[in-house]
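Comments concern the structure below.
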Amino acid sequence: SRIAVLASGRGSNLQCLLDGIAAGQLHARIAGVFSDRPGAAALDKVAAAQRWARKPGEFASREAFDAALGDAVAASAPDWIVCAGYMRILGAGFVQRFAGRLVNIHPSLLPLHKGLHTHARAIEAGDAEHGASVHFVVPELDAGAVIAQARVPVLAGDDADALAARVLAVEHPLLLASVRLLIDGRVAERDGTVLFDGQSL
Ligand code: GRF
């Protein structure tokens, strides 16, 4: 399988996919890394020929950026598109173009804490648990059917950074396990729900 990865930052989730491939745990290859930030460290994790990055400000509209991004992603002929720390909202046009093959990892126990600053919000809310979710992407932000989640405790004295680090540590195995399910054909999306081995549980 070919996996296109969208990333905006340091790329630790991308690195975990690369490590899984190198270790023979993931029978796939990274088709390309695509970013809205030309300086993103994630881009440095693959060869120059596999990178695409443009500043959204160079485009006349969000749709124009998303169209260029979509063309670049499509040109890499991916089976799956994984948003791993991609920090821009993908427009409906892009989402529809790759519907069913587009997943995201979000650092919260969805449907709790959609959007940004999830760790601070979990602490603020007094949540006893927090975590990460891998879900199919739909036009509504962080609202797609959830494939898998990983939980961590929120500990007394946690600040957002401490909690974020605890969550990040479970994101990596969660993402690897979720992507393995996808490329092994064990999970699929149908009408907004997740099918496991063809069955909706
Ligand atoms: C992760 O916490 C991810 O859940 C969130 O942004 C962070 C990306 O980290 N969307 P990295 O770039 O993969 O290290």
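The values are calculated or read from the model by the stated rules, or taken from the named source; none is laboratory data. The structure presented is a predicted model; accordingly, all values stated were derived computationally and were not measured. Ideal geometry is used to build each Cβ from the backbone, glycine not excepted, and the neighbour counts take in all protein chains shown. Accessible surface areas use protein heavy atoms only, side chains included; no ligands, DNA or RNA. Shrake-Rupley method; radii C 1.70, N 1.55, O 1.52, S 1.80 Å.
Annotations
- Scan of the range 98-141 for residues that are part of a strand (DSSP E or B), more than 12 Å from the ligand (Cβ to nearest atom), free of Cβ contacts under 8 Å to residues at least 40 places away in the same chain and under 19 Å from V73 (Cβ atoms), ordered by number: L102
- Checking each residue in the range 1-36 for being polar (S, T, N, Q), in a loop (DSSP other than H, G, I, E, B) and within 14 Å of the ligand (Cβ to nearest atom) picks out only S8.
- Checked against the criterion of being touching a strand residue (DSSP E or B) at 6+ places or on another chain (Cβ under 7 Å) and either open to solvent by 30 Å² or more (accessible area, probe 1.4 Å) or part of a loop (DSSP other than H, G, I, E, B) (or both), the candidates A165, A177 yield just one match: A177.
- Output for the range 46-78, where each listed residue is open to solvent by 40 Å² or more (accessible area, probe 1.4 Å), assigned to a loop (DSSP other than H, G, I, E, B) and either within 16 Å of S8 (Cα to Cα) or aliphatic (A, V, I, L, M) (or both): A47, R54, K55, A60, A77
- Residues in the range 14-23 that are closer than 18 Å to W80 by Cα and open to solvent by 10 Å² or more (accessible area, probe 1.4 Å): 5 in all.
- Here L90, L43 are screened, and the one residue that is assigned to a helix (DSSP H, G or I), open to solvent by less than 30 Å² (accessible area, probe 1.4 Å), among the aliphatic types (A, V, I, L, M) and within 16 Å of the ligand (Cβ to nearest atom) is L43.
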